[in-house]
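Input: a single structure, listed below in structure tokens.
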Amino acid sequence: MSIWEPFTERARRSIVLAQEESQRLGRDYIGTEHILLGIISENASFAAETLINEGLNLQSVRGEVEAIVGRGQRANNNEMVFTPRSKKVINLALEASKELSDNYVGTEHLLIGLIKETTSVASKVLNNLGFDGINYINNLKAKKLAHIMVTQPPLKKVNISDVVAGALNIQMNSTPLEIAKSVFRGAGYEILDDE
């Protein structure tokens, strides 16, 4: 199986556009900054729409990239290679897809990868342009959770006051397992301990 198989058409197109942006900047490698440029160039993608809605555009991102890394003088026609950080971003995108229980890797996952690779040029560009990456990741997770809650029927009808009562019984030093048990007990679930 190819590493690119789970990538959506728009995510693949973003990588192709990243290569074109790298060539345009006179480089013979694909860096994180080029992936970011590729994403925002694929303006119909989820991630590009998010960036645009946050006030970023292709020109502002290009300008910031050029201000940070400048332009090169690509003299050879060797095959483009991914930098180690770009490879890490792709792996982080694959991980983000799994974390969100998606069976594909889209531009939104590539953007998460860029955000999580905090020492990259792309991350610096996003920060310099005022993009709040943590907020983006949290909002994406919230949208995903809301989608699941709307599309999947509840296992059991519960009284919210029971859930709140369970949550109020949580001690400050409780473990995540104890917290989950307390909330579910408050909702009327029987907890089967395997201890």
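The numbers here are math on the coordinates, done by the rules we state, and not lab data. Small disclaimer: the values here were computed from a predicted structure and weren't measured. Here Cβ is always computed from backbone atoms with ideal geometry, including for glycine, and neighbour counts include all displayed protein chains.
So which of Lys87/Lys144; Lys98/Lys144; Lys88/Lys144; Lys124/Lys144; Lys98/Lys124; Lys88/Lys141 end up more than 19 Å apart, counting from Cα to Cα? Flagged as over cut-off: Lys87/Lys144; Lys88/Lys144; Lys124/Lys144; Lys98/Lys124; Lys88/Lys141. Among Arg12, Arg27, the ranking by other beta carbons within 10 Å of each residue's beta carbon, starting with the fewest, stands as Arg12, Arg27. By the count of other C-beta atoms within 10 Å, a proxy for reagent exposure, Tyr104, Tyr136, Tyr29 are ordered fewest to most as Tyr104, Tyr29, Tyr136.
Between region 56-129 and region 1-31, what is the C-alpha centre distance in whole Å? After rounding, the separation between the Cα centres reads 10 Å.
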